[in-house]
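**Q** One structure, as structure tokens, below. Some questions next.
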Amino acid sequence: MSASLLVIGGTGTLGRALAARAPGAGLAVTATRHRTPGELPYLDVTNASSVRSLIGKLRPGIVITTAYQPRGPAMWEVNGEGAGHVAAAARTVGARTIHLSSDLVFDGGLEPGRAYAEDDPAEPVLAYGASKLRGERAVLAADPTALVVRTSLIYGGDRLTATERLVLDAADGRSQTAFFSDEVRSPVEVGDLAGALLELATGGRAGLLHLAGPERIDRHSFAVLIARAHGRDPSALRAVRSADLPQWRPRNCALDSSVGYELLRRPPRPAAEVLLPSAAQAPG
């Protein structure tokens, strides 16, 4: 395996973090773009022939796929079939594939205090989660030696994430967004996740692996941490209950990452440790 990495989705939060850290891990990196203008190679993962052409030309040793669509008509094809196109093309050149998936492949019906393990049944209730589950299956069907990493809310990095911007808009009075006090996730700092993925890239783990933050935290409490880290008054953040909505939403999608942590020299840190008032790096 050559010491080269191809990041599919290189203009997103995680893609940028991977590209920035890869040289320090001894990897020559190429990252792709889709909608973002620039000089990076353009790639549409839904076009199987284009995927084969680029990967055949670059012949990377490792391919990490972070590209996804959160909604819209392209969501199913990008998150599902597109993921499979990448894994199939990577296998033809002998590359190791790591594909990023989501905690929303679960229905969130766990009792409080529990977290999902890799062998818990994936039964998504949201369309996005269903599209990511389709992608998981497409990747492993194309390459059973691939690693599918399920993660949670990603925050931090060189720019505000959508979650962080949502919190700051609410704290600053630009929106009336409220945050669920009964929806639990396992948020992970993007640099911690990128470092962990680069560690796993040179290993042999295959199949499903959970890799997120170590604590179970509700969306409102997480928003409070973000607001404080960026110097905002968290008292402006309203809390609401998902249970009071007419439609079911996943309430406990916390991930048990203990298997993944055993493979890592430096596992991800708790959000309460990362999001200290003096620690926020992104502009507010």
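**Q** Test each condition in (1) touching a residue at least 24 places away in the same chain (Cβ under 8 Å); (2) touching a helix residue (DSSP H, G or I) at 6+ places or on another chain (Cβ under 8 Å); (3) in a loop (DSSP other than H, G, I, E, B); (4) closer than 19 Å to R251 by Cα for R159 and report the one that comes out false.
**A** R159 satisfies all of (1) touching a residue at least 24 places away in the same chain (Cβ under 8 Å); (2) touching a helix residue (DSSP H, G or I) at 6+ places or on another chain (Cβ under 8 Å); (3) in a loop (DSSP other than H, G, I, E, B); (4) closer than 19 Å to R251 by Cα except (4).
**Q** Hey, among the residues in segment 168-187 that are surrounded by 15 or more Cβ atoms within 10 Å (Cβ to Cβ), more than 16 Å from the chain's Cα centre (by Cα) and of a type in the set (G, A, S), which one's nearest to P270 (Cα to Cα)?
**A** Once the filter is applied, the top-ranked residue is S181.
**Q** Need the failing condition index for A20 against (1) touching a Pro at 6+ places or on another chain (Cβ under 9 Å); (2) closer than 23 Å to L211 by Cα, just the number.
**A** Of (1) touching a Pro at 6+ places or on another chain (Cβ under 9 Å); (2) closer than 23 Å to L211 by Cα, only one is false for A20: (1).
**Q** List, please: which pairs have Cβ atoms under 7 Å, are six or more places apart or on different chains, and start with a residue in segment 32-49 that is farther than 17 Å from G84 by Cβ and end with one that is among the basic types (K, R)?
**A** L40/R33; Y42/R33
**Q** On to the next question. On the basis of being outside any strand (DSSP E or B), at pLDDT 95 or above and crowded, with 18+ Cβ neighbours inside 10 Å, does L208 make the cut?
**A** Values: outside any strand (DSSP E or B): no; at pLDDT 95 or above: yes; crowded, with 18+ Cβ neighbours inside 10 Å: yes.
The answer is no for L208.
**Q** Could you identify the single residue in R159, R165, R137 that is among the basic types (K, R), in contact with a Ser or Thr (Cβ under 8 Å, 6 or more places away or on another chain) and surrounded by fewer than 24 Cβ atoms within 10 Å (Cβ to Cβ)?
**A** R159
**Q** While we're here: Do you know which residues across segment 223-248 are surrounded by fewer than 16 Cβ atoms within 10 Å (Cβ to Cβ) and not aromatic (F, W, Y)?
**A** If the condition is that a residue be surrounded by fewer than 16 Cβ atoms within 10 Å (Cβ to Cβ) and not aromatic (F, W, Y), then G231, D233, S235, A236, R238, A239, R241, A243, D244, L245, P246, Q247 are the ones that fit.
**Q** What are the pairs with Cβ atoms under 7 angstrom where one residue, in segment 175-200, is in a strand (DSSP E or B) and the other, located anywhere, is of a type in the set (V, I, T)? Sequence gap at least six, or different chains.
**A** A178/V240; F180/V240; V184/I217; R185/I217; V188/T151; V188/I154; E189/V274
The values are calculated or read from the model by the stated rules, or taken from the named source; none is laboratory data. Because the structure is predicted, anything quoted here is derived from the model rather than measured. Reconstructed Cβ throughout: ideal geometry from the backbone, glycine too, with neighbour counts over all protein chains shown.
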